[in-house]
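S.K.: Structure incoming, see below.
The values are calculated or read from the model by the stated rules, or taken from the named source; none is laboratory data. The model shown is predicted, which means the values in this text are computed figures rather than measured ones. Neighbour counts are summed over all protein chains in view; Cβ atoms, including those assigned to glycine, are modelled from backbone coordinates with ideal geometry. With ligands, DNA and RNA removed, areas are computed over all heavy atoms of the protein, side chains included. Shrake-Rupley method; radii C 1.70, N 1.55, O 1.52, S 1.80 Å.
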Amino acid sequence: MIVGVPKESFPGERRVALIPGVLPNLKKLGLDAVIESGAGLEAGYPDAQYAEKGAKVLPDRKSVFATADIITQVLCYGSNDKTGKADLPLMKRDQVLIGFLRPFGSREVLQEIANAGVMAFSVELMPRTTRAQNMDALSSMATACGYKAVLIAADVLPRFYPMLTTAAGTITPARVLILGVGVAGLQAIATARRLGAIVTAYDVRPVVKEQVQSLGARFLELPIEAKDAQDARGYATAQDESFYAKQRELLGRAVAENDVVICTAVVPGKKAPTLVTAEMVRGMQPGSVIVDLAAERGGNCELTKVDETIVVNGVTIIGKINLASTVPYHSSSLYARNLTAFLEHLVKGGKLQIDASDEITRETMLTRGGQIVHPRVREVFALPPLTAPANV
Ligand code: NAD
């Protein structure tokens with residue numbers, strides 16, 4: 001079987017789905033690779049390195065889709081709402097497609113992908129279980145985002161992060177507040193600590209307190225308790241507006257006391273909660289910085305503008321999206337390893353082994369045989385449950 005890697009086409013995207021280093025592992029599975037010329041260039045992986053590991057470099061995208069049994073992408077049509085549609089006519093019936101597909105985005109787009117006849121697997125739907133940990137692309141990308149958020153804040157901040165003792169006097173360390181302590185928040189804490197900042201972190205899920213403290217940060221305790229803060233999968237649950245209003249009131253002082261606020265708080269399937277209001281921004285010192293990683297999901301700061309940087313009363317608010325793409329070498333490397341682990345799961349003895357009773361396969365499969373097959377996705381789009389299994 002042949003696995004194909006088209007060049008990412010989303011404007012500004014610099015990642016690549018597979019890197020040369022994973023090709024020997026794929027070969028062991030009985031998978032040969034074809035790469036669109038230049039696919040890895042922006043991430044730091046030139047064609048020659050793929051060729052050295054046995055991949056065939058093809059001149060154009062069309063030939064990659066025509067040759068491959070399995071297409072791996074970072075942003076497939078679905079998550080690539082700018083240029084992804086151009087891939088539809090290139091897809092082949094029964095071809096496997098793996099990547100970010102935005103499974104809860106647009107029903108029409110998902111149906112178009114299903115109509116192309118491909119068996120699409122969405123990496124966003126990977127279960128957060130120990131067994132699937134090495135396939136968890138969301139965690140890999142969140143790690144990159146959390147890291148980079150702290151660095152872009154450092155770049156704009158008119159202060160040093162660490163405490164400095166110099167002949168000209170002592171510099172006090174910067175104060176960094178992290179709102180939301182999932183994978184991105186934990187990486188942001190670790191990065192800010194390494195740079196010497198004083199870090200405080202807050203999450204609606206009290207179970208993260210110990211993780212925050214183990215990274216050398218202070219956990220901000222607020223005198224309110226979320227109802228059933230965490231669901232069975234470990235995600236935060238949505239709270240009512242009175243809870244969020246109380247949260248904002250209590251967070252006001254912490255926001256005003258910090259030089260940098262990194263926002264990462266999201267709730268699956270919901271608009272991100274507003275944690276920092278315009279009034280709270282007015283209470284911050286001029287020169288302070290907010291990096292809102294929740295920008296694409298509606299933002300944790302009321303003033304955030306998606307993919308823009310604005311300055312309000314001297315406070316810089318950064319809503320840049322797709323930060324993982326700005327660390328393309330390592331983001332691609334982590335993603336490629338996630339996909340390789342997933343392919344090791346799907347391919348046995350050089351053949352696809354689709355076992356619908358297996359949790360990882362079942363939970364990630366989005367389309368098959370012309371239909372959207374994922375039960376939760378069907379439910380969200382008010383599609384009736386499937387009675388007969390989709391034919392391949
Ligand atoms: P996420 O991106 O869904 O959310 C980020 C954080 O925002 C979460 O910690 C959430 O609690 C927090 N949040 C939501 N609303 C908030 C509010 N109003 N105020 C403050 N904070 C708020 O999170 P994630 O990084 O995807 O992680 C979700 C869960 O999955 C965590 O429990 C994590 O430990 C777990 N996880 C497990 C695995 C695994 O076992 N393989 C892998 C990755 C993550």
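S.K.: Between helix 328-346 and the chain, what is the angle of the helix's C-alpha long axis to the longest principal axis, kept within 0 to 90° and rounded to the nearest 10?
M.R.: 50
S.K.: Related question: Using each residue's phi in region 12-29, evaluate 6.51 cos²θ - 1.76 cosθ + 1.60 at θ = phi - 60° and report the 3J(HN,Hα) Karplus result to the nearest Hz, with x for Gly and Pro.
M.R.: x, 5, 10, 7, 9, 6, 10, 10, x, x, 8, 4, x, 5, 5, 4, 4, 7
S.K.: Counting other Cβ atoms within 10 Å of each Cβ, which GluC sites (Glu not before Pro) in region 215-296 have at most 14 and sit in a DSSP loop?
M.R.: Passing both the DSSP loop test and the Cβ count: Glu221, Glu225.
S.K.: Here's a follow-up. Compute the angle between helix 183-194 and the longest alpha-carbon principal axis of the chain, please, reported from 0 to 90 degrees and rounded to the nearest 10.
M.R.: 50
S.K.: Also: Only loop residues by DSSP count here, and only those with at most 16 other Cβ atoms within 10 Å; note down the GluC sites (Glu not before Pro) in region 94-143 that meet that.
M.R.: none
S.K.: When a/c is below 1.5 the answer is rounded, else prolate if a/b is larger than b/c, else oblate, so apply that to region 266-392 with a ≥ b ≥ c taken from the square roots of the Cα gyration tensor eigenvalues.
M.R.: Since a/c reaches 1.5 but b/c is at least a/b, the shape of region 266-392 is classed as oblate.
S.K.: Related question: Given +1 on the Cβ of Lys and Arg, -1 on the Cβ of Asp and Glu, and no further charges, what dipole in debye does the chain carry about its Cα centre, rounded to the nearest 20?
M.R.: About 400 debye.
S.K.: Next up: Between Ile198, Thr237, Ala217, whose Cα lies farthest towards the positive end of the dipole of region 195-272 when Lys and Arg beta carbons carry +1 and Asp and Glu beta carbons carry -1, centred on the Cα centre?
M.R.: Most positive-ward Cα: Thr237.
S.K.: Using 7 Å Cα-to-Cβ label points, what is the Lys348/Glu210 separation (nm, one decimal)?
M.R.: With each label point 7 Å from Cα toward Cβ, the separation is 3.7 nm.
S.K.: Now for a separate question. Roughly what would the spin-label model give for Ala86 and Glu225, points 7 Å off Cα along C-beta, in nm?
M.R.: For Ala86 paired with Glu225, the spin-label model returns 5.6 nm.
S.K.: Could you give me the percent of Cα pairs per 5 Å distance bin for region 78-234, shortest bin first, beginning at zero and ending with the bin that holds the maximum distance?
M.R.: Taking all Cα pairs of region 78-234, the binned fractions are 2, 8, 13, 14, 13, 12, 11, 9, 7, 5, 3, 1, 1, 0, 0 percent.
S.K.: So, one more: In Å², what does the accessible area per residue of the chain work out to with a 1.4 Å probe?
M.R.: 45
S.K.: Whole angstrom only: what separates the Cα centroid of region 286-330 from the Cα centroid of region 215-231?
M.R.: One Cα centre to the other: 24 Å.
S.K.: If you bin every alpha carbon distance in the chain into 10 Å steps from zero, what whole percent lands in each bin?
M.R.: 5, 22, 29, 23, 15, 5, 1, 0
S.K.: Report the one residue of Gln95, Leu26, Ala39 whose Cα lies farthest in the direction of the positive end of the charge dipole of region 1-143 (charges on C-beta: Lys and Arg +1, Asp and Glu -1; origin at the Cα centre).
M.R.: Final value for the positive-end residue is Leu26.
S.K.: Can I ask one more? Using only helices, what value at 222 nm comes out for the chain when you add -39,500 (n - 2.57) per DSSP H run of length 4 or more and divide by the total residues, to the nearest 500 deg cm²/dmol?
M.R.: Only helices count here, giving -9000 deg cm²/dmol.
S.K.: Can you tell me the orientation of helix 241-257 relative to the chain, as the angle in degrees between its alpha-carbon axis and the longest Cα principal axis, to the nearest 10?
M.R.: 60
S.K.: Here is a follow-up. To the nearest 20 debye, what charge dipole does region 309-392 have about its Cα centre, counting +1 at the Cβ of each Lys and Arg and -1 at the Cβ of each Asp and Glu?
M.R.: Around 180 debye, computed over region 309-392.
S.K.: Right, something else. Using amide H atoms built 1.01 Å from N in the peptide plane, name the residues 5+ places from Ile71, or on other chains, whose amide H lies under 5 Å from its own.
M.R.: Gly4, Val96, Leu97, Ile98
S.K.: Sticking with this structure for a sec: Ignoring ligands, DNA and RNA, how do His345, His330 rank by accessible area with a 1.4 Å probe, largest first?
M.R.: His330, His345
S.K.: Percent of accessible area on region 19-139 owned by carbon and sulfur, 1.4 Å probe?
M.R.: The value for region 19-139 is 53 percent carbon and sulfur by accessible area.
S.K.: Counting only DSSP beta bridges with both residues in the chain, what percent are antiparallel, rounded to the nearest 5?
M.R.: 25
S.K.: A further question follows. Give the residue list of trypsin sites (Lys or Arg not before Pro) in region 249-298 that are DSSP loop and have at most 16 other beta-carbon atoms within 10 angstrom.
M.R.: Lys270, Lys271
S.K.: Longer than 21 Å from Cα to Cα, which of Lys246/Lys320; Lys7/Lys82; Lys62/Lys348; Lys227/Lys271; Lys53/Lys82; Lys28/Lys92 are they? Say none if no pair is.
M.R.: Lys246/Lys320; Lys62/Lys348; Lys53/Lys82; Lys28/Lys92
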